[in-house]
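Asker: First the structure, which I've put down as structure tokens, then a few questions once you've had a look.
Read the figures in this text as sums done on the coordinates, not as results from a lab. Not measured: the values here are computed from a predicted model. Neighbour counts are summed over all protein chains in view; Cβ atoms, including those assigned to glycine, are modelled from backbone coordinates with ideal geometry.
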Amino acid sequence: MSLNILYRGPAARGQHWQKLFAQNLPEVNWHTWPDVKDKSAIDVLVCWIPPRNYQQDYPNLKVIFSVGAGVDQLGLASVPEHVSVVRMLDPALEQQMTEYVLMSVLNIHRDTLAYAQSNLQQQWQPLKSRSAAKRRVGIMGLGNLGQAAAQALVSVGFTVSAWSKSVKTVKGIQCFAGSRGLQPFLQQADILVCLLPLTDDTRGILNLSNMAMLPSGASIINVGRGEHLVEADLLILLKEQHLRYAILDVFDKEPLTNDHPFWQHPQILVTPHIAAITQNDTAGQVLVENVKRYINQQAMLGLVDKQQQY
């Protein structure tokens, strides 16, 4: 089967992946956007953000492979019905996200942000601590990334619960689901970690009403999407001392402007969308294997249900 792939993204990644395909699938024709002589020949698009008007420009497109774990940036509602969408399921992304979540939970648990402020003020001020078993961590989202992070937190000794749209069972984790399960889940989460996909239902889910259900003194970690969080509501709850800390890796508009209030806030730690970054080597191998599956008419790993939006 002769296949034509169009890649749109960073040049170094594209060159690395082109070599991988030449070695493993030499029959595949690799094209780098925007250098495409015959747009009607393109079968597969590999990208984070698709080219403008791709629906019309590439009439025979059959599959879009996202280079990341998310697919909301593709605008699923605008993807033609006959075009399949596949997200990146790279174990390296899972490992990175697990590391970031574990690091962030531990930093909150051990008051690292407070000690950083004490350093600036040259204050020697020990804070009261408690055991991990008495710190309740709630994970929003039980996909591959959420389950891996939850299991890592359990292994360290935290009491972990999780919430998802549909009912799931994970050993060692108390699971909540659906609209009925959201309030009791939030009410017992001392540290809330958002790992949800961005959908119509989850947009703005970290709002004043929901975050106010968290126990007084709770903290949040957002590594899902910036649009999950209503930024003004977070600032209100921090000011009222209902929330203690926030560690944020994703934002509604990126990068943050220089005058954004998050930068100088003593209770907020900002990281520049680095929790899980696509690695050229491992992700390239995953892409090659998934394209092989497509060629052999086998089920592709990470195939997205466009109705569910993940």
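Asker: May I ask for the net charge around N4, where only other residues with Cβ less than 12 Å from the Cβ of N4 are counted and Lys, Arg are +1 while Asp, Glu are -1? Intermediate values should be presented prior to the final figure.
Answerer: Working: positive: K37, K39, K62; negative: E27, D38, D43.
Summing Lys and Arg as +1 and Asp and Glu as -1 gives 0.
Asker: Another question about this same structure. Which value, in debye to the nearest 20, gives the size of the charge dipole of the stretch 1-154 about its Cα centre, when Lys and Arg are +1 and Asp and Glu are -1 at the Cβ?
Answerer: 720 debye
Asker: Once the Cα atoms of helix 11-24 and of the chain are each reduced to a long axis, what angle between those two axes, in degrees from 0 to 90 to the nearest 10, is obtained?
Answerer: 60 degrees
Asker: Take the Cα gyration tensor of the stretch 91-270, multiply each eigenvalue by 5, square-root it, and list the three semi-axes largest first, rounded to whole angstrom.
Answerer: So the equivalent ellipsoid measures 24, 20, 16 Å along its semi-axes.
Asker: What is the distance in Å between the Cα centroid of the stretch 176-249 and that of the stretch 252-299?
Answerer: 21 Å
Asker: Rounded to two decimal places and with Rh computed the Kirkwood way over Cα pairs, what is Rg over Rh for the chain?
Answerer: Radius of gyration relative to Kirkwood radius: 1.02.
Asker: Using DSSP, restrict attention to beta bridges with both residues in the chain and report what percent are antiparallel, rounded to the nearest 5. Mind dumping the intermediate values first?
Answerer: Working: 2 of 43 bridges.
Bridges in the chain are about 5 percent antiparallel.
Asker: Can you give the helix-only mean residue ellipticity at 222 nm for the chain, where every DSSP H stretch with n ≥ 4 adds -39500 (n - 2.57) and the sum goes over all residues, rounded to the nearest 500 deg cm²/dmol?
Answerer: Calculated at 222 nm, the ellipticity per residue is -9500 deg cm²/dmol.
Asker: Then there's this: Taking the Cα centre as origin and putting +1 on Lys and Arg beta-carbons and -1 on Asp and Glu beta-carbons, what dipole magnitude results for the stretch 183-310, to the nearest 20 debye? Each step should come with its number before you reach the end.
Answerer: Details: 8 positive and 14 negative charges, 49 e Å.
Charge dipole of the stretch 183-310: 240 debye, to the nearest 20.
Asker: Oh, and also: Based only on other Cβ atoms within 10 Å, what is the fewest-to-most ordering of H31, H265?
Answerer: H265, H31
Asker: Treat every Asp and Glu Cβ in the stretch 91-270 as -1 and every Lys and Arg Cβ as +1, leave all other atoms uncharged, and give the resulting dipole magnitude about the Cα centre to the nearest 20 debye.
Answerer: With only Lys, Arg, Asp and Glu charged at Cβ, the dipole is about 780 debye.
Asker: Here's another thing I want to ask about it. Between S118 and S216, what FRET efficiency comes out of the Förster formula 1/(1 + (r/R0)^6) with R0 = 30 Å and r the beta carbon distance, rounded to 0.05?
Answerer: For S216 and S118, the calculated efficiency is 0.85.
Asker: Between helix 91-109 and the chain, what is the angle of the helix's C-alpha long axis to the longest principal axis, kept within 0 to 90° and rounded to the nearest 10?
Answerer: It works out to around 10 degrees.
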